[in-house]
Amino acid sequence: MARSWERKVRKNSAQLDKQRKKQGKPSIYSAGGPSADIYKGRNYVLPITMVALAAVYFLLGMIGQEGTAGNSSMTWIIMAMYVFLGLMIFLRRPFLRVEKNAVSTIKFNRDRRLTADNIAKIKLAKGSVVIEPKGKGGNWVFTRLINRYDTDTIGERLERFAQTHNIPLEK
């Protein structure tokens, strides 16, 4: 019974989305809503490290296999997996989404969200932006050097966000 109910809900929501699209309204599933600003970066350091580890593993595998030919396929598989992992990390772009009353990002392969009342302080510096949460959890750091964020535009947007929600701001 539950599966049929889920199918009905999915079908009805798809019909509703089509109607909303014809009327020029946003989808009911649109993440972040119309007032969300998304700032994307690019991760270069970790993918380059993964490819370098693949090269080191390949070199060590070739040195250790001078007399044997049994482990060569395993060396190639592991090397390919390191390169694949580096490619996946490169293609998955880090982001900062600034919404009406919250900020969100991806940390440790999970979407993390901080509402305005859970932010202790926002620090803006040349080339980096730091968001300090209240209580438990580490700081959220967005840098130009490591993840290629446009920290100037992020800083301007977070400055307006801090003024709106009375969050302390350090420059």
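The values are calculated or read from the model by the stated rules, or taken from the named source; none is laboratory data. All figures in this text were calculated on a predicted structure; none of them were measured in a lab. Here the Cβ positions follow ideal geometry from the backbone for every residue, glycine too, while neighbour counts run over all protein chains shown. Ligands, DNA and RNA are stripped out before the accessible areas are found, and what is left, the full protein with its side chains, is counted by its heavy atoms. Shrake-Rupley method; radii C 1.70, N 1.55, O 1.52, S 1.80 Å.
Considering only residues in region 84-102 that are more than 12 Å from the chain's Cα centre (by Cα) and assigned to a strand (DSSP E or B), the one that is nearest to PHE142 (Cα to Cα) turns out to be VAL98. Here ARG113, ARG160, ARG92 are screened, and the one residue that is modelled with pLDDT of 90 or more and among the basic types (Lys, Arg) is ARG160. Across region 54-68, a minimum of one residue is classified as of a type outside the set (Val, Ile, Thr), crowded, with 16+ Cβ neighbours inside 10 Å, modelled with pLDDT of 90 or more and not in a loop (DSSP other than H, G, I, E, B).
Restrict the check to region 119-132 and report whether at least one residue is part of a loop (DSSP other than H, G, I, E, B) and either under 17 Å from the mean Cα position of the chain (by Cα) or under 27 Å from PHE90 (Cα atoms) (or both). Checked against the condition, which is being part of a loop (DSSP other than H, G, I, E, B) and either under 17 Å from the mean Cα position of the chain (by Cα) or under 27 Å from PHE90 (Cα atoms) (or both), region 119-132 yields at least one hit. Based on this model, can you work out whether LYS136 counts as farther than 14 Å from ILE38 by Cα, at pLDDT below 90 and over 13 Å from the mean Cα position of the chain (by Cα)? For LYS136, the condition - farther than 14 Å from ILE38 by Cα, at pLDDT below 90 and over 13 Å from the mean Cα position of the chain (by Cα) - is met.
Within region 76-97, the set of residues being of a type outside the set (A, V, I, L, M) and either open to solvent by less than 80 Å² (accessible area, probe 1.4 Å) or touching a strand residue (DSSP E or B) at 6+ places or on another chain (Cβ under 9 Å) (or both) comprises TYR82, GLY86, PHE90, ARG92, ARG93, PRO94, PHE95, ARG97. Yes or no: PHE161 open to solvent by less than 30 Å² (accessible area, probe 1.4 Å), assigned to a helix (DSSP H, G or I) and of a type in the set (Phe, Trp, Tyr)? Here the answer is yes, as PHE161 does meet what is asked.
Annotation note: of LYS100, LYS134, LYS126, the sole residue that is exposed (fewer than 15 other Cβ atoms within 10 Å of the Cβ) and either touching a helix residue (DSSP H, G or I) at 6+ places or on another chain (Cβ under 6 Å) or hydroxyl-bearing (Ser, Thr, Tyr) (or both) is LYS134. Checking each residue in region 139-171 for being of a type in the set (A, V, I, L, M, F, W, C) and under 17 Å from ILE38 (Cβ atoms) picks out TRP140, PHE142, ILE154, LEU158, PHE161. The residues of region 31-41 that are among the small types (Gly, Ala, Ser) and either at pLDDT below 60 or under 17 Å from ARG112 (Cα atoms) (or both), listed by number, are ALA31, GLY32, GLY33, ALA36, GLY41.
In region 135-145, is there at least one residue being assigned to a helix (DSSP H, G or I), closer than 19 Å to TYR44 by Cβ and of a type outside the set (A, V, I, L, M, F, W, C)? Yes, because at least one residue in region 135-145 is assigned to a helix (DSSP H, G or I), closer than 19 Å to TYR44 by Cβ and of a type outside the set (A, V, I, L, M, F, W, C).
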